[in-house]
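The values are calculated or read from the model by the stated rules, or taken from the named source; none is laboratory data. The structure presented is a predicted model; accordingly, all values stated were derived computationally and were not measured. Note: ideal-geometry Cβ built from the backbone for every residue, glycine included; neighbour counts use all protein chains shown. The accessibility values were calculated without ligands, DNA or RNA, using every heavy atom of the protein model including side chains. Shrake-Rupley method; radii C 1.70, N 1.55, O 1.52, S 1.80 Å.
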Amino acid sequence: MIFDTHMHCDYSCDSHMKIAAAIEAADKQNIGIVITEHWDDDYPTNPTAFMFDVDDYFARFGTYRSEKVLLGIEIGMQKQTAAADEALAAAYPFDYVLASMHCVNGRDLYEERCYAGQTKVEAVREFLTDTIANLELHDNFDAFAHIDYMCRYMPFTDKELVLSEAPELFDQVFKILVAKEKPLEINTRRLNDPLAVQALLKLYKRYALLGGKYTVLGSDAHYQEHVGRWLTEALALADAAGLEPVYFKERKMRKMRKMRN
Ligand SMILES: [Zn+2]
Ligand SMILES: [Zn+2]
């Protein structure tokens, strides 16, 4: 079964989807899903907005849990929260822990002011440098989310990550992930944009060349209509890069059967 391994429901403050709606959307497409509610400790401007009652999450969502509905978490990494992030991942029976970068040096990548005074290359290099620091401090996670997250929001004409703008930093990120055996997520959010696909393919190929073998596919849905969105494009991208799509259940990597014959 194909899995959409990244989406937000009742416990993510920015989501507009209830878990029952996510399951309904997945059933229609005959795909499995992994719920990955936001956990961003010490979020800039609102330190607790992206945190939730994890006991309540398991108590309420436990009844929905099945072979094709898995319960995970998306932990937004920051250097100062590394110890707490690691402890949280260890404290609960998650199927999947997805590590991500939503902030850089205490600033929110979502906000335009995050990039004030920077060129695009400077912003990307700062993001990669902070990613490296965080990947070195964090270990209790299964995969690394949306490397192109900042491409959604950075206020520059060229919004793509370009390997040649920071070759040694991209390599360092990929080498850490390979050494820790963590798949690099293909986030489907921007896969309707051919320019994004073109740029991303170069990154995923580089990750594969440095020893990366696996990827996870995630829509990052916050609305029911986005569950499973552009998974076909993601499978094609994984194929083109030479990466095998997987998902995690009970924190163990599982292989997905491919969609086509
Ligand atoms: Zn995210
Ligand atoms: Zn997300």
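Report yes if some residue within the stretch 34-43 is within 16 Å of ligand 1 (Cβ to nearest atom) and over 21 Å from THR131 (Cα atoms); otherwise report no.
Yes, the stretch 34-43 contains a residue that is within 16 Å of ligand 1 (Cβ to nearest atom) and over 21 Å from THR131 (Cα atoms).
Could you please find all residues in the stretch 1-14 being within 22 Å of LYS249 (Cβ to Cβ), touching a residue at least 60 places away in the same chain (Cβ under 8 Å) and within 16 Å of ligand 1 (Cβ to nearest atom)?
ASP4, THR5, HIS6, MET7, HIS8, SER12
Looking at GLY106, is it open to solvent by 20 Å² or more (accessible area, probe 1.4 Å), closer than 22 Å to VAL173 by Cβ and at pLDDT 95 or above?
Yes: the conditions hold for GLY106.
Yes/no matrix, rows are residues, columns are (1) open to solvent by 10 Å² or more (accessible area, probe 1.4 Å); (2) at pLDDT 95 or above; (3) farther than 21 Å from ILE186 by Cβ; (4) touching a Cys at 6+ places or on another chain (Cβ under 7 Å):
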position: ASN30; (1), (2), (3), (4): yes, yes, no, no
position: PRO47; (1), (2), (3), (4): yes, no, yes, no
position: ASP53; (1), (2), (3), (4): yes, yes, yes, no
position: VAL97; (1), (2), (3), (4): no, yes, no, no
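Can you tell me which residue is farthest from GLY218 (Cα to Cα) among those in the stretch 144-165 that are assigned to a loop (DSSP other than H, G, I, E, B) and within 16 Å of ligand 1 (Cβ to nearest atom)?
MET154
Quick check on ALA89: is it more than 15 Å from ligand 1 (Cβ to nearest atom), among the small types (Gly, Ala, Ser) and either in contact (Cβ under 8 Å) with a residue 24 or more places away in the chain or open to solvent by less than 30 Å² (accessible area, probe 1.4 Å) (or both)?
yes
Which is free of Cβ contacts under 8 Å to residues at least 60 places away in the same chain, closer than 19 Å to ASP148 by Cβ and within 14 Å of the chain's Cα centre (by Cα), of ALA221, ALA238, ALA234?
ALA234
Are any of the residues in the stretch 134-143 within 16 Å of ligand 1 (Cβ to nearest atom), part of a loop (DSSP other than H, G, I, E, B), under 23 Å from TRP230 (Cβ atoms) and without any contact (Cβ under 8 Å) to a residue 60 or more places away in the chain?
no
Would you confirm, using the coordinates I've provided, whether ILE35 is open to solvent by less than 10 Å² (accessible area, probe 1.4 Å), without any contact (Cβ under 8 Å) to a residue 40 or more places away in the chain and out of contact with any helix residue (DSSP H, G or I) (no Cβ under 6 Å at 6 or more places or on another chain)?
When the stated conditions are applied, ILE35 passes them.
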